[in-house]
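Worksheet: one structure, shown below.
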Amino acid sequence: ENMVNPWGAGTGEGNRRGGDAGGDGREPKKDHAMMEMCARPRSHEKNRASPSSFSSRRGGCGWYERAGPGKCRSSMLLIMIVMLSTCHGFIPTLPGGGISSRVRGLCATRTEGPLPSFLSRPPPPARLHAVQMCSSGGNEEEKEQAEKDWGSSSGSVLQEPSAELVELALNNAEAVVRAAGGCIDSLSFGREWKNMFPDFPRSKFDGTKISSFNKLLSVYGNERFVIEETKKREIKLYVLKDAKGREGREAYMRAEEQLAELAASPLGAFFEIRGGRMRAGTSKSLPPNLASYTKLDLLLDAIEPNLVAFAGGVSSVSGRDAVTCLNHIKRLQYQAKYPVQQTRVSSFVRAFADIAKQSMKSLSSKNTALLLNALSDRDGYEPLLELASLHLQDLAKMADGKGSQELEAEDFFNPQAVAVIVNAYAKSERRDEALFRAMSRVVQHLRPETFDAQAVANIANAFAKADVRPRDEKLFEVLRQIAREIEWEAWNPTALAVLSSALVKVGSMDDKLMLYLCKCAVSIFKAEGSSAFSSPAAVAALLSSMVEANVEDETFFTAMATSVEENLKLAHKKKFDAKKNLLVPKNNKKNVKKLSNAEKSAKRFLDSCNGALVASIARNLRMRGKLSDELSSRLSTLCQELSLANGHAESVADAITAFAPGADKATTIYLSDCILLLPLQVLKSSATVSDLLAAMANAGWGDGAAAAKLVTAAVAIESYTGNEVVSMLESTRKLNMPRHFAPLLSHLQKVVVMLLKQGTGCSTRPYAAMSAQQLSIVASILHNAGILNSSLLDEYMLVLPLLKLSPTDEKALREVAEVLEVEGRRQDAETWRRKASENTLLAKISQLG
């Protein structure tokens, strides 16, 4: 209450209060005086001096003033602010133009002493001018300009951005909002801006008043945009002021209402759709245990704060964390059944993909593989795939730099990562030959013991599917060698099927390896029984590969037939609860028990079956003589239940081959209907029609209605290959249905003439479009049908000199010569003798003889 000079400037008799200081003129110590003043209780009245004592004490060392309690408190507050503040420009900025009169009255001494130096310091001009304008009136424009020019405490002033730059930014912002439908949230706005205008010079706003998109639109875009608050404080809603904006806002609100209605409906409990609450805690790291989330909406709610913090610039998300989020979203994305959910998923995927793209150089091969796995089945990410390819090629070069030394799996790549990478690019149908060549070199450097069966199968399948030419024979040789060294216990039916199918597709079949794979399948069957083969797709692919590779392993095909039959018997014998893994006996529904492993396998087998798989399994077992009558009946019944009339001509051909021999009336009608229900669009391919006719011929099934439809389709096709023509002609001969196939034979004769003309009409490099064996078959069949005409005879005479002869062609050439001679003499003997004398056919035959 009795104010003490805190600065202790000047000299004088000092403070003579009680024990404050002696009267010898010594200068009191500032620290002790201040501590005593702060520590003295207000109720202490013993040493309070009388008012008259202060009126005569005006030492130059300080100033004193008797004041009431209210003034003392305010004075104390002012002095404390002055002492503790480090900003010397604080006091001069008080309203009134410089130092207020009250401050001057409190601070002025009654002697000649000056004011403290920092109180007499002039205020910053910009701030002082702004305060004076705000407090003392003046021109309104000058006031507004003064408020805008209010800088920092040091007097720095933010610059006004150029009008051209602001106009360009507002035009871009309008384009982003208009592309979004007239309304967009601030989180999506920043992301879409980067996608639409990646080269916009945002750095030109540095040092200006535009520090964010929100500042740009709120300060300079009032004429175009409306900024609204949302339930989440960090996120704003940008709406155009025109009709497009009103429509977009209504659509946005409708979507929000639909989501709220869905959450409140009975479906909401099923889908666990809830509003996204901001979680407490830091935004720099991902929520723990993302793998434990089983609901998509809960997962997105958990990771949304990370995106909000990243978009706001208050935190960062690493590329590795972005990849983690992408894979967890992919794991649960099947739950996004409503448009609002699908839109939200796409927004999250795009955001995390952009983060991963920016951090691509820091990603390891494993993280890059996971990134590709998450995005390979989505459209619109081609630039990211291209960038990932270049990054992986750089890593492959680093791996090659180790020379002849063997790579450690953890250094650059491991087989599992390579398998995921090449499968992702194969799935995206990108013919990135440079990447596949690089991955091939990596595979050849990795140690064989680091591979497992699944990695070998997946790598082979990816290279086969990508169809990179020329074939990398060295790679497949390495994979075959590694596969032979893997014990049968490490294999499973799916890996066996994938590897065998890939080897057959590229023609890199090894008889020893194929037999070893069959042996592994038999060993698995003996060890685990039919429950190991619960995937009908794996069984069908494994059987098809071995049949196409001409593998004759009776034990293998017997084991496959037994596994299929056991699964079907158990599946048809028991009644399964569709919702639970429970077995319900037919006679006593109350007696419910858990399924055994074999029963679970049978249930999975039956649930995974479709008509195409059943037909394929039955066809391959039929071709190896392992389709018993009982198994054929079960598979036929199942195939009819699952239906084949869905446009898959190959499956129909498999069903005909499998079930037509010895078929009953119901099966015959079913197979005929399958062909009749095939759309004409499917039958526009010559290969499809040829396969269906071959299936009918091999099964000895001459259905008139089916044959008539195939003939109609074949006559409308003009483009054939030599093999297709021969196959169709042989099918007509086997079926022996001349009345039905007469139009087809005439059409095929014209096709052969065109094929031969195309070959001989090439002036620079003439060739025979068909081989000697094919020409022999065509001539024999058309001759026996009695429709071989002179046009075809003339083409034969021109083609025969172009044939490249070999010892195996002797019989074919003799047959052609005999047919031509008989037909030539029958049609025009004189012309035939003249053409025969000019032709070298007889000379060629004599040379072979």
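The values are calculated or read from the model by the stated rules, or taken from the named source; none is laboratory data. Since we're looking at a predicted model, the values are computed, not measured. Quick reminder, even Gly has a Cβ in these numbers, built from the backbone with ideal geometry, and neighbours come from all protein chains shown. Remember, those area values only see protein heavy atoms, side chains included, never the ligands or the DNA or RNA. Shrake-Rupley method; radii C 1.70, N 1.55, O 1.52, S 1.80 Å.
Among the residues making up the stretch 700-736, a single one is more than 23 Å from Phe659 (Cα to Cα), among the small types (Gly, Ala, Ser), open to solvent by 40 Å² or more (accessible area, probe 1.4 Å) and at pLDDT 90 or above: Ala716. Go through the stretch 367-386 and report how many residues are buried (at least 17 other Cβ atoms within 10 Å of the Cβ) and more than 14 Å from Ala322 (Cβ to Cβ). Adding up the residues that qualify gives 3. I need the full set of residues from the stretch 216-260 which are out of contact with any strand residue (DSSP E or B) (no Cβ under 9 Å at 6 or more places or on another chain) and at pLDDT 85 or above, in order please. Selection gives Leu216, Val219, Tyr220, Asn222, Glu223, Asp242. For the stretch 214-227, a tally of residues being touching a residue at least 12 places away in the same chain (Cβ under 8 Å) and open to solvent by 40 Å² or more (accessible area, probe 1.4 Å) returns 6. Taking the stretch 433-449 as the range and being outside any helix (DSSP H, G or I) and surrounded by fewer than 21 Cβ atoms within 10 Å (Cβ to Cβ) as the test, only Arg447 passes. Tallying residues that are open to solvent by 50 Å² or more (accessible area, probe 1.4 Å), of a type outside the set (S, T, N, Q) and at pLDDT 80 or above within the stretch 553-593 yields 3.
In summary, Leu644 fulfils each of the numbered conditions (1) out of contact with any strand residue (DSSP E or B) (no Cβ under 6 Å at 6 or more places or on another chain); (2) open to solvent by 10 Å² or more (accessible area, probe 1.4 Å); (3) modelled with pLDDT under 90 with the single exception of condition (2). Within the stretch 417-432, residues that are part of a helix (DSSP H, G or I) sit with their Cβ atoms under 8 Å from residues that are open to solvent by 10 Å² or more (accessible area, probe 1.4 Å) and acidic (Asp, Glu), at 6+ positions apart or across chains, in these pairs: Tyr425/Asp432; Lys427/Asp377. Picking from residues in the stretch 196-208 that are touching a residue at least 40 places away in the same chain (Cβ under 8 Å) and assigned to a helix (DSSP H, G or I), the one that is farthest from Asn306 (Cα to Cα) is Lys204. Note on the stretch 713-737: residues that are within 46 Å of the chain's Cα centre (by Cα) and not in a helix (DSSP H, G or I) amount to 6. Of the residues contained in the stretch 671-680, none is found to be surrounded by 15 or more Cβ atoms within 10 Å (Cβ to Cβ) and touching a residue at least 40 places away in the same chain (Cβ under 8 Å). When the test is whether a residue is in a helix (DSSP H, G or I), modelled with pLDDT under 85 and surrounded by 21 or more Cβ atoms within 10 Å (Cβ to Cβ), Ser500 does not pass it. Restricting attention to the stretch 788-799, the residues that are open to solvent by less than 50 Å² (accessible area, probe 1.4 Å) and in a loop (DSSP other than H, G, I, E, B) add up to 1. Taken over the stretch 209-237, the residue count meeting the criterion of being in a strand (DSSP E or B) and within 19 Å of Glu304 (Cβ to Cβ) is 3. Has the stretch 765-780 got any residue that is within 25 Å of Ser685 (Cβ to Cβ), at pLDDT 85 or above and in a loop (DSSP other than H, G, I, E, B)? No, the stretch 765-780 contains no residue that is within 25 Å of Ser685 (Cβ to Cβ), at pLDDT 85 or above and in a loop (DSSP other than H, G, I, E, B).
Restricted to the stretch 594-609, and to residues that are in a loop (DSSP other than H, G, I, E, B) and at pLDDT below 80, which residue is least open to solvent (accessible area, probe 1.4 Å)?
Checked the stretch 594-609; the qualifying residue least open to solvent (accessible area, probe 1.4 Å) is Leu595.
Taken together, the criteria exclude Thr324 from residues that are free of Cβ contacts under 8 Å to residues at least 60 places away in the same chain, of a type in the set (Val, Ile, Thr), in a helix (DSSP H, G or I) and closer than 22 Å to Ala462 by Cβ.
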